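Written out below as structure tokens is the structure these notes cover.
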Amino acid sequence: MLFSTLRFIVLGWIEEQYIQPSYHFPYYGLEFIQAYSPEFVYGLFLCLLLSTIGIILGFYYRVSIIVFFLVFTYIELIDKTYYLNHYYFLSVMAGILCFIPAHIVCSIDSKRNPSFVAETVPRYYVDIIRCMIAIVYVYAGIAKINSEWLLKAMPLSLWLPAQDTFPLIGFIFKERVTAYIFSWGGMLFDCTIPFFLMMKRTRILAFCAVLFFHAMTGYFFQIGVFPLIMSLSVLIFFDANFHKKVLSLFYRPSDYSSGSPYMPHISIPYIFAIILFVQIIVPWRFLLYQGNRFWTEQGYRFGWRVMLMEKSGSATFFVKDAQSGKEGMVINSEFLNRHQEKQMAMQPDMIVQFAHFLGDYYRRKGMMIAAVRAEVYATLNGRPSRLLIDPNINLLECSDDFSEKQWIYHYND
């Protein structure tokens, strides 16, 4: 995350994503989380940068991890345009680490205060992290058990042919059978890899498979730091002796093999149980909604659905003046950056949010707005584009909440 934060600063993504746009798409119920000013946003990233250094060094670790958790989660909640599974994973893991005494050995804190150095911790401190990683993989695998992924090899049939320039074996990515092999292989990998990592006999081979899998997906699909995060995180499945050998490269054994067992607060196991319960239940909330979840995207986020579809769209908004009855077409790029516009054009909840923003914006300009409607066409997994929502409905009368959105057209296929 230190590397990722520096990358945001150097590449100018802070300005592009959080300062330049006129509007940010908030999460329902969290509209108060905003990018209030450029100084405020840069202050957040400065806190993020300093907290990552504090975590690495174990310097005021408790303060550093809590600041990191709060600031990083706040930044991610400013605009759901930038939602990514691995950023959600980082927020969850940071929340867990707030309760884990990761600073009791091999840290500046342990040097400053040797009294709280402990040789062991209860096993559930390690198991909670293992369980969280297992949930990510297994739920990603379960999400792939659908007809699009397994029976039609979508969207890999669209993505893999573009990799035909891969050295030596690029020609195989043009073959249809390759997409099926990757689809089934990806599903089986996600569903089983945590269990192979748990078993000592298969752990080394499983770790090599993790490195290969994430190296390939990172190369093919340019998915940021996610391959690096998962490749390093799975090291938690290795036993204590492995980690002691790694630590011995940097510390004396006495730095981490002395002291009495760590005694946690009695509430910690219950907190971990609640976290796991929430993570197990939340991905299934899509069952509360009818229709194709890839099309409606209701209950889609926070479910560990990783790269399951190829979807794009185009959205044209029309603002109707109450006095003249005339409609004017909106130029979306005047308010949104390219990525926001792309994501909004295929996600119904964001379409409604942008319509309400437009209504408020033009009212502040002195207009009497009667309606805002949108013609939105979307394509899913290479099929011809079709209307996503009712183009005649007044979106100002719709709301972005947890109820089922009846104005989304059903996807019959």
Practice task
Assess whether residue 147 counts as being free of Cβ contacts under 8 Å to residues at least 40 places away in the same chain, assigned by TED's automatic domain parsing to the domain that holds residue 239 and of a type in the set (Gly, Ala, Ser).
Solution key: yes
Handout entry: Of all residues in the range 307-355 being in contact with an Asp or Glu (Cβ under 9 Å, 6 or more places away or on another chain) and among the polar types (S, T, N, Q), the one that is nearest to residue 385 (Cα to Cα)
Key = 314
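From 180, 137, which residue is over 23 Å from the mean Cα position of the chain (by Cα) and buried (at least 16 other Cβ atoms within 10 Å of the Cβ)? Spell out how you get there, then give the answer.
Working: 137 fails: over 23 Å from the mean Cα position of the chain (by Cα).
Answer to the selection: 180.
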Fill in the blank from the handout: Among residues of the range 36-67 being of a type in the set (Gly, Ala, Ser) and under 22 Å from residue 94 (Cα atoms), the residue surrounded by the fewest Cβ atoms within 10 Å (Cβ to Cβ) is 43
Exercise for the section: May I ask you to list the residues in the range 228-261 that are modelled with pLDDT of 90 or more and either in contact with a Gly (Cβ under 6 Å, 6 or more places away or on another chain) or part of a loop (DSSP other than H, G, I, E, B) (or both)? Expected result: 238, 239
Exercise for the section: Name the single residue, out of those in the range 71-89 being of a type in the set (A, V, I, L, M) and over 25 Å from residue 138 (Cβ atoms), that is surrounded by the most Cβ atoms within 10 Å (Cβ to Cβ). Expected result: 75
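Restricting the range 220-269 to residues that are among the hydroxyl-bearing types (Ser, Thr, Tyr) and over 31 Å from the mean Cα position of the chain (by Cα), which is surrounded by the most Cβ atoms within 10 Å (Cβ to Cβ)?
Going through the range 220-269, the residues among the hydroxyl-bearing types (Ser, Thr, Tyr) turn out to be 231, 233, 248, 251, 254, 256-258, 260, 262, 267.
After this cut, where a residue has to be over 31 Å from the mean Cα position of the chain (by Cα) as well, the list is 248, 251, 254, 256-258, 260, 262.
Numbers: 248: 13, 251: 15, 254: 9, 256: 20, 257: 15, 258: 12, 260: 10, 262: 16.
Among them, the one singled out is 256.
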Completion exercise
Cβ pairs under 8 Å, 6+ apart or interchain, first in the range 333-346 and touching a residue at least 60 places away in the same chain (Cβ under 8 Å), second of a type in the set (Asp, Glu), ordered by first then second residue, are 337/16; 340/79
Completion exercise
Requiring at least 1 residues that are out of contact with any helix residue (DSSP H, G or I) (no Cβ under 9 Å at 6 or more places or on another chain), the helices (runs of 4 or more DSSP H) wholly within the range 98-202 are 108-112, 147-150, 176-198
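So, in the range 380-406, exactly how many residues are among the β-branched types (Val, Ile, Thr) and touching a strand residue (DSSP E or B) at 6+ places or on another chain (Cβ under 6 Å)?
From the range 380-406, those among the β-branched types (Val, Ile, Thr) are 389, 393; that's our starting set.
Subset that is touching a strand residue (DSSP E or B) at 6+ places or on another chain (Cβ under 6 Å): 389.
Selection size over the range 380-406: 1.
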Handout entry: Within the range 323-339, considering residues that are within 36 Å of the chain's Cα centre (by Cα) and charged (D, E, K, R), the one surrounded by the most Cβ atoms within 10 Å (Cβ to Cβ)
Key = 338
Problem - Where residue 29 falls short, out of the listed (1) under 30 Å from residue 128 (Cβ atoms); (2) touching a residue at least 12 places away in the same chain (Cβ under 8 Å) - result: (2)
Exercise for the section: Residues being exposed (fewer than 14 other Cβ atoms within 10 Å of the Cβ) and not aliphatic (A, V, I, L, M): count how many of those fall in the range 270-295. Expected result: 4
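Quick one: which of 8, 45, 59, 40 is closer than 30 Å to residue 104 by Cβ and not in a loop (DSSP other than H, G, I, E, B)? Even if it seems obvious, please write down each step before you answer.
Working: 8 fails: closer than 30 Å to residue 104 by Cβ; 59 fails: not in a loop (DSSP other than H, G, I, E, B); 40 fails: closer than 30 Å to residue 104 by Cβ.
After ruling out the rest, the residue left standing is 45.
For residue 91, are the conditions met, namely being free of Cβ contacts under 8 Å to residues at least 24 places away in the same chain and either assigned by TED's automatic domain parsing to the domain that holds residue 273 or small (Gly, Ala, Ser) (or both)?
Working: free of Cβ contacts under 8 Å to residues at least 24 places away in the same chain: yes; either assigned by TED's automatic domain parsing to the domain that holds residue 273 or small (Gly, Ala, Ser) (or both): yes.
Yes; evaluated as a whole, the condition is true for this residue.
Of all residues being in a strand (DSSP E or B) and surrounded by fewer than 23 Cβ atoms within 10 Å (Cβ to Cβ) in the range 340-373, which is nearest to the chain's Cα centre (by Cα)? Just the residue, please.
Taking the range 340-373 first, the residues in a strand (DSSP E or B) are 369-373.
Checking which are surrounded by fewer than 23 Cβ atoms within 10 Å (Cβ to Cβ) leaves us with 369-371, 373.
Values: 369: 36, 370: 37, 371: 34, 373: 30 Å.
By that ranking, first place goes to 373.
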Practice task
Just one of (1) within 26 Å of residue 298 (Cα to Cα); (2) touching a residue at least 24 places away in the same chain (Cβ under 8 Å) trips up residue 60, so point out which.
Solution key: (1)
Practice task
With the condition kept exactly as written, say whether any residue in the range 344-352 is within 21 Å of residue 399 (Cβ to Cβ), among the acidic types (Asp, Glu) and touching a Pro at 6+ places or on another chain (Cβ under 8 Å).
Solution key: no
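The values are calculated or read from the model by the stated rules, or taken from the named source; none is laboratory data. Quantities reported herein were computed from a predicted structural model and do not represent experimental measurements. For neighbour counting, all protein chains shown are included, and Cβ atoms are generated from backbone atoms with ideal geometry for every residue, glycine included.
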